[in-house]
Amino acid sequence: MGMVAKLNSPRIEIHYCTQCRFILRANWIAQELLMTFAEKIGELALVPSSGGVFAVLLDGEEIFSRKKQERFPESKELKQLIRDRIEPDMPLGHSDN
């Protein structure tokens with residue numbers, strides 16, 4: 001009974017390569033995002049993938065790709081990318097510096 005669907009809330013997906021063992025990094029990023037945007041997002045999903053994938057999607061739009069950027073995202077960078085799309089006026093404390 002206590003579960004209420006948050007309509008129109010953003011969904012974040014972290015796609016990670018299982019063969020590359022990117023699960024730990026995906027978990028860490030998920031934790032960082034959940035702590036920062038706890039009340040601002042509707043869902044955060046970890047999506048097992050393959051082929052060296054590490055990508056972050058916000059409502060279906062890819063906002064970071066390890067393959068395109070040729071590196072992993074920084075936590076601070078992802079927080080800024082997500083904040084700028086879902087709540088531009090939200091302060092991020094030390095992540096804004």
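Laboratory data are not the source of any read-out in this text; all were calculated from the coordinates shown. Just so it is clear, the structure is predicted and the values come from calculations on it, not from any experiment. Positions of Cβ are generated from backbone atoms using ideal geometry, with glycine treated the same way; all protein chains shown enter the neighbour counts.
How compact is region 16-75 by the rule of thumb for globular proteins, expressed as Cα Rg over 2.2 N^0.38 Å? Kindly include the intermediate steps, with their values, before the conclusion.
On the way: Rg = 11.3 Å, N = 60, 2.2 N^0.38 = 10.4 Å.
It is 1.09.
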Taking the Cα centre of the chain as origin, work out the dipole magnitude from +1 charges on Lys and Arg Cβ and -1 charges on Asp and Glu Cβ, in debye rounded to 20.
360 debye
Once you place label points 7 Å from the Cα toward the Cβ at Leu24 and Asp96, how far apart are they in nm?
3.4 nm
Between Phe72 and Val47, what is 0.36 nm times their sequence separation minus the Cα-Cα distance? Round to one decimal in nm.
7.4 nm
Restricting to DSSP H runs of at least four residues, report the calculated mean residue ellipticity at 222 nm for the chain, -39500 (n - 2.57) per run over all residues, nearest 500 deg cm²/dmol.
-9500 deg cm²/dmol
